[in-house]
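No value in this document is a laboratory result; all are computed from the given coordinates. Remember, it's a predicted structure, so these values are computed and weren't measured experimentally. Positions of Cβ are generated from backbone atoms using ideal geometry, with glycine treated the same way; all protein chains shown enter the neighbour counts.
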Amino acid sequence: MIELSAAQVAAATGGRLHADPDVTVTGAVIIDSRQAAPGALFVALPGERVDGHDFAARAVAAGATLVLAARELDGLPTVVVDDPQEALGELARYVLATVREGGDGWPKVVGVTGSVGKTTTKDLLGQLLTPEVSGEDAIIVPTGSFNNEIGLPLTVLRVTEQTRYLIAEMGADRIGNIAYLTRIAPPNVGVVLAVGVAHVGHFGSVEAIAKTKAEMVSGVVDGGTVVLNADDLRVAAMAGQAAPGTTLQTFGTIPAADVRAEDITVDATGRAAFTLRIAPSGDGEQRADVALQLVGPHHVSNALAAATVALRLGVSLPDVAQRLTEATARSPHRMAVTERPDGVTVIDDAYNANPDSMKAALRTLAVMAGRTRRSVAVLGEMRELGEGARAAHDEIGRLVVRLNIKQLVVVGDGAYHIHEGAMQEGSWGSESIFVPDLAAARAMLDESLEPGDVVLVKSSLGSGLWELGDHLSMALTAKDNNK
Ligand SMILES: Nc1ncnc2c1ncn2[C@@H]1O[C@H](COP(=O)(O)OP(=O)(O)OP(=O)(O)O)[C@@H](O)[C@H]1O
Ligand SMILES: [Mg+2]
């Protein structure tokens, strides 16, 4: 982060200073005392299980020079605010605005939102833009999601005078979330990927989800760029909400899209190749070939989104195509494919799940297994789906059967209706198996996986199937395990 005095932190957050005003923060802003290093600013947040205030002394002992807290802390240099989380956002907003003011508008912020594909698009865009810049902090692309009212400001606070690009994932589970995040980091380029039913339990309806994602469109800076998915009707409809003076760019497979993928093919490893085409304002079209390393044809859409932003920021079409072709998955448990020495292929997509990503992953499994290999889907609960949860799980079970997945293993009570849907759709015998928990799933899979099998593991984060993903990815053969 840029260097800040305690007085500046107090002014930016509207807090009361209980420290020497000249104390400076020279290190990172942290919320976990274990990450404390000399010069850090420790923000005391109330957690679900622990209260950050109890760890402030430890952070200071490890070198933190200042604490942002909801109350005075005996003998510790503190800025006291009503709500440390809000204050974290205020501080991030101040730091970014200050750096931009002194840096002639730099860094440029790209905000990415949508029901699926945010992290993938962010990571792809990072790989498209990184070769364009050099030096420490020149580009900030956090690993993982960091997309909420805590993760986003922490990411923004990494900005320094050297930063040219900040690629910020912005997630939402309630109306107003994206507006809040874009106020902290107003994007020069705002991207909306898709409107699905993720978190619909919180939102209440798909319309409310669309409204929230549209906050990205109204959140871009004056004269900024709005990038919309032309293949998603609800996203395409947001074009009307772009402020006058904003540039609109669309991506997709339909001919009207500004940046499009044509002639998409998918190979037996589940990877897509396509022709990337753009229609420049001058003469004729330009095209370049892309062959993705990311697994799953659904990533074509994310690749197009990243390409659209990179082209807008000045990267040439040949460079975009080449870098997309070289790009790899950067955040774990997302369509991570492991070829085990025993001939079992594991697709670990257990980072999270909602109906859209579940369907995409199952289709990829079917493609990868083809006609010759046995496909196995190990599925857990998709959470936060509210009233529609039962129907959504049922539908996934039916899709498993329609895709002719050979073995379905449904893990845990919350996922039961996947099993039921499969049975209703015509699964018989042991084609669909319900097991109560992870341990049972693990025992069953260690026993039954055979060389040549392709196994997909997927559920919402909270259902914990990623543990199984790790286990299966690292396991040798069932027989070896039993030795
Ligand atoms: N365009 C897409 N259509 C369907 N599924 C997708 C798409 N893009 C990504 N996915 C799948 O969605 C899951 C999550 O991907 P990713 O982490 O990129 O999304 P995210 O939007 O960042 O999710 P989160 O809200 O959990 O942070 C993965 O299983 C991925 O394969
Ligand atoms: Mg994410």
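So here's what we get for this one:
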{"quantity": "Which listed pairs, of LYS122/LYS458; LYS108/LYS211; LYS122/LYS359; LYS213/LYS406; LYS211/LYS359; LYS118/LYS211, have C-alpha distances above 29 Å, in listed order", "calculated": "LYS213/LYS406"}
{"quantity": "The chain: angle of helix 118-129 to the longest principal axis, Cα-based, in degrees nearest 10", "calculated": "70 degrees"}
{"quantity": "Listed residues THR143, THR269, SER205: farthest to the positive end of the dipole of the chain (Cβ charges)", "calculated": "THR269"}
{"quantity": "Between helix 438-448 and the chain: long-axis angle, C-alpha atoms, 0 to 90°, nearest 10", "calculated": "40 degrees"}
{"quantity": "All-pairs alpha carbon distance profile, region 1-147, 10 Å steps from 0, percent", "calculated": "11, 36, 32, 19, 2"}
{"quantity": "Whole-Å distance, taken between Cα centres, linking region 122-178 and region 373-433", "calculated": "36 Å"}
{"quantity": "Charge-dipole axis of the chain as Lys and Arg at +1 and Asp and Glu at -1 on Cβ define it, positive-most pick from GLY397, TRP106, ALA69", "calculated": "GLY397"}
{"quantity": "Net +/- balance of residues flanking SER316 in space, Cβ distance below 14 Å, scoring K and R +1, D and E -1", "calculated": "+1"}
{"quantity": "Point-charge dipole on Cβ atoms (K/R +1, D/E -1) for the chain, about Cα centre, debye to 20", "calculated": "800 debye"}
{"quantity": "Burial order of peptide ranges 406-419, 43-56, 383-396 (average beta-carbon count within 10 Å, highest first)", "calculated": "406-419, 383-396, 43-56"}
{"quantity": "Cα centroid separation, region 184-205 to region 324-357 (Å)", "calculated": "24 Å"}
